[in-house]
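Worksheet for the structure shown next.
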Amino acid sequence: MKVLDYSEIEGRSGSYIGWLALLGVFLALGGAAALTMEHYGHAITGMNNQVVWGMPHVFAVFLIVAASGALNVASIASVFGKSFYKPLAPLSGLLAIALLVGGLAVLVLDLGRPDRLIVAMTYYNFKSIFAWNIILYTGFIAVVYVYLWMMMERRFNAHTKKAGVAAFSWRLILTTGTGSIFGFLVARSAYDTALMAPMFIIMSLAFGTAIYLVTIIAAYRWTGRELGFSVIARLRSLLGTFVAAVLLIVAIYHLTNLYITQKHDVERFILADGGVYTALFWVGQVFIGGVLPLWLCWHKRWQSSVTATVVASLFVVLGGLAQMYVIIIGGQVLPLEMFPGFDVTSGFSDGQVARYTPSVYELFLGLGGVAIAGLVVSVGVKILRFLPVSLADSAVDPHVKSAAGKQ
Amino acid sequence: MSEHQEQEMEGGLSRRQFVSAGAAVAVGAVLAPGVFLHSVAQARSPAEGASNYQRWGLLIDTNKCRTGCDDCVSACKKENGWGNEQVRDEQKVQWIRKVDLKEHHTGREVSLPMMCQHCAEPPCVDVCPTGASFKRADGIVLVDKHICIGCRYCMMACPYKARSFVHEDVIHGDAYMPRGKGTVESCTLCVHRVDKGQNPACVESCKEKAMTFGDLNDPKSEIAQRVSQYATRQIRADLKLNPGVRYEGI
Ligand code: SF4
Ligand code: SF4
């Protein structure tokens, strides 16, 4: 295969500046939200003493999970030796770092005492999976950084595979760790399952691939570079597989829960009479995040449509956020079962489904994290050579005679 | 499980405990008169660190606890300075709350106070990333408000909803009970009183004498004797957290 040229994007066009400005606005809004929350306390948010993790966690966990999945494209190239994906690898690494940084920023700014970040870094309780995650996240950034370096600096290219394997293993552990944050909460019946970690790994693949697809299509469209359809088609078929896998594991999760009597309450709530949570599950997670993208990825009618692929990817992202909302918030609003066989009432909402309405501050904080990820990628591709000059079919794969379809 | 806990769960009296009880009597004897002692054998001087000779516990007799009464809640608010929060109800701090139960088939009603159960195997301590949540040697579970970063993972992990997050600026409490926006707090078993040999405020306030405070490790204490003689219950015993708060009559 011939050697591909990579180059920075020019980044002087009006639309590039406009795009940065737009991200900047969301960044500013997120920053303002964080400052306001710190000043007035969490009183101004929708979070309360029943639902202690709210919208910021939905965004943060989504971004962190997606970060690990975004690295998948690079892993296919260097760990599984598929040379087709090689030119796509640098962007994959950049995206992984960007998403993780965005997610971590949201997580930290949502702390009750974000000013004590230094405490979080110096006092460790090694029994805590949360503390382990802090190490896993920072380590991930370092490992991917090295991996990118090996990949992008020609004289180190020989080490790319080793670095790739390290990054690949690290990301599996990282997602397992993130899933385990919930898996360890034995007191809450929605989370108390060994399926949490594998579910998170599969979700990460779907979310990460979707975000990768949107990013690469946007980057090549906006810079006028050539992006062959074979790249899109391959990634799209990956996306389809991952989305199907998510649906499958979600089905397994709920079916096993239905088998366990103690979990019938949770299941009835999520699947049938949980109001907004039931709607988010069926409409958001299953239909928008699962069925529709599958149709767009697999149906003949959309086979040659780039737009359909972009829409499918965006749906996966929206569905993923809905899924996070159902897992994180839906898992908390249900009353903790302390007295089986009794009706429970108290002045502290025992025995009742808790209420939660996200505030604008939380929403902006979450979107601020997305903006950070967007900025890291947008600025990254301008200052370093992440993107191949051309990803035309002939450039990436000499065996491809003609594109699978027209753009 | 440590040897110590095993003995305690069996309610047996080891030689070490016996010896320690003797030592505690000696310490108690030199305490200044006028300090109320829950029982001489349990006292130790405030200068002494917490020790694992004790396992402080509470026994709540729900047969005595009156529906509608919340004297223990008021006493706790007064003692520890919470309850004046200006926020929405769901955001209010709740160190101790009254819970009313009604049995499905019989309609039998039970009322009881619920607070941190001071678990011997506390999940809040296990999950806390900074170690701000900790268990003293004598079994009291506390939050170090100077290290707590307000991540609220402990609240997610607690099966009893015993912890509260402070959502707004609060007046900093007394030196023995610092409070602060953005940190988590919960029942301390009135550790500042216990260390002086007094009972927790809720126990003192209960006119029905529904709560007994004492050392579960001291076989002579009232609580240890009642726990060994009558059927008592640990809430969510299935989780095997071995809480220090036990209930009678549910
Ligand atoms: S009751 Fe909750 S807060 Fe108290 S020790 Fe147990 S887990 Fe921790
Ligand atoms: S909120 Fe504070 S006490 Fe609770 S887990 Fe986080 S750091 Fe520990």
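The values are calculated or read from the model by the stated rules, or taken from the named source; none is laboratory data. Remember, it's a predicted structure, so these values are computed and weren't measured experimentally. Note that each Cβ is placed from the backbone with ideal geometry, even for glycine, and that neighbours are counted across all protein chains shown.
Checking the stated criteria, B:Gly214 turns out not to satisfy the condition of being touching a Lys or Arg at 6+ places or on another chain (Cβ under 6 Å), buried (at least 20 other Cβ atoms within 10 Å of the Cβ) and more than 17 Å from B:Met114 (Cα to Cα). Which of the residues spanning segment A:159-191 are surrounded by fewer than 20 Cβ atoms within 10 Å (Cβ to Cβ) and not in a helix (DSSP H, G or I)? Once the filter is applied, which keeps residues that are surrounded by fewer than 20 Cβ atoms within 10 Å (Cβ to Cβ) and not in a helix (DSSP H, G or I), segment A:159-191 yields A:Val186, A:Arg188. Scanning segment B:238-246 finds no residues that are under 16 Å from B:Asp61 (Cα atoms), away from ligand 1 (no atom under 16 Å from the Cβ) and not acidic (Asp, Glu). Looking across segment A:1-60, the residues that are within 21 Å of the chain's Cα centre (by Cα), over 26 Å from A:Ala89 (Cα atoms) and aromatic (Phe, Trp, Tyr) come down to A:Phe26, A:Trp53.
With respect to (1) in contact (Cβ under 8 Å) with a residue 12 or more places away in the chain; (2) crowded, with 21+ Cβ neighbours inside 10 Å, the lone exception for A:Ile134 is condition (2). Report yes if some residue within segment B:76-97 is among the charged types (D, E, K, R), part of a strand (DSSP E or B) and within 26 Å of B:Met156 (Cα to Cα); otherwise report no. For segment B:76-97, residues among the charged types (D, E, K, R), part of a strand (DSSP E or B) and within 26 Å of B:Met156 (Cα to Cα): present.
Among A:Val106, A:Val65, which is crowded, with 23+ Cβ neighbours inside 10 Å and touching a Leu at 6+ places or on another chain (Cβ under 8 Å)? Full working, then the answer.
Numbers: A:Val65 fails: touching a Leu at 6+ places or on another chain (Cβ under 8 Å).
The unique qualifying residue is A:Val106.
Here is a yes/no grid of residues against (1) more than 14 Å from every other protein chain (Cβ to nearest Cβ); (2) in contact (Cβ under 8 Å) with a residue 12 or more places away in the chain; (3) farther than 30 Å from A:Leu117 by Cα:
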| position | (1), (2), (3) |
| --- | --- |
| B:Tyr153 | no, yes, no |
| B:Tyr176 | yes, yes, no |
| B:Val194 | yes, yes, yes |
| B:Arg226 | yes, yes, yes |
| B:Arg233 | no, yes, yes |
| B:Gly244 | yes, yes, yes |
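Taking the options A:Val360, A:Val286, name whichever one is modelled with pLDDT of 95 or more and under 19 Å from the mean Cα position of the chain (by Cα).
Working: A:Val360 fails: under 19 Å from the mean Cα position of the chain (by Cα).
Checking each option against the conditions leaves just A:Val286.
With respect to the conditions (1) at pLDDT 90 or above; (2) of a type outside the set (D, E, K, R); (3) within 30 Å of B:Val125 (Cβ to Cβ), A:Tyr145 lacks only one, and its number is (3). When B:Val93 is tested against (1) away from ligand 1 (no atom under 12 Å from the Cβ); (2) without any contact (Cβ under 8 Å) to a residue 40 or more places away in the chain; (3) not charged (D, E, K, R), only condition (2) is not met. Whether any residue in segment B:162-179 is within 16 Å of ligand 2 (Cβ to nearest atom), crowded, with 22+ Cβ neighbours inside 10 Å and among the charged types (D, E, K, R) is what I want to check. So far as segment B:162-179 goes, yes, one or more of its residues are within 16 Å of ligand 2 (Cβ to nearest atom), crowded, with 22+ Cβ neighbours inside 10 Å and among the charged types (D, E, K, R).
Of the residues making up segment B:172-188, just one is among the aliphatic types (A, V, I, L, M) and more than 22 Å from B:Pro122 (Cα to Cα), namely B:Ala175. If you take the residues in segment B:116-131 that are more than 8 Å from chain A (Cβ to nearest Cβ) and more than 7 Å from ligand 1 (Cβ to nearest atom), which one is nearest to A:Gly183 (Cα to Cα)? If we take residues in segment B:116-131 being more than 8 Å from chain A (Cβ to nearest Cβ) and more than 7 Å from ligand 1 (Cβ to nearest atom), then B:Glu121 is nearest to A:Gly183 (Cα to Cα).
Working only within segment A:1-32, note down all residues that are polar (S, T, N, Q) and either assigned to a helix (DSSP H, G or I) or loosely packed, with under 13 Cβ neighbours inside 10 Å (or both).
Step one: of segment A:1-32, the residues polar (S, T, N, Q) are A:7, A:13, A:15.
Once the filter is applied, which keeps residues that are polar (S, T, N, Q) and either assigned to a helix (DSSP H, G or I) or loosely packed, with under 13 Cβ neighbours inside 10 Å (or both), segment A:1-32 yields only A:Ser15.
From the list B:Gly107, B:Gly182, B:Gly197, B:Gly139, exactly one residue is within 16 Å of ligand 1 (Cβ to nearest atom) and at positive phi. Which is it? Exactly one of B:Gly107, B:Gly182, B:Gly197, B:Gly139 is within 16 Å of ligand 1 (Cβ to nearest atom) and at positive phi, namely B:Gly139.
Taken over segment B:134-158, residues that are near ligand 2 (Cβ under 6 Å from one of its atoms) and part of a helix (DSSP H, G or I) amount to 2. Checking segment A:270-291 against the condition returns no match, with no residue being in contact (Cβ under 8 Å) with a residue 60 or more places away in the chain and in contact with a Leu (Cβ under 8 Å, 6 or more places away or on another chain). Being assigned to a helix (DSSP H, G or I), away from ligand 1 (no atom under 16 Å from the Cβ), farther than 30 Å from A:Phe182 by Cβ and of a type in the set (Gly, Ala, Ser) holds for only one residue in B:Ala224, B:Ala175, and it is B:Ala224.
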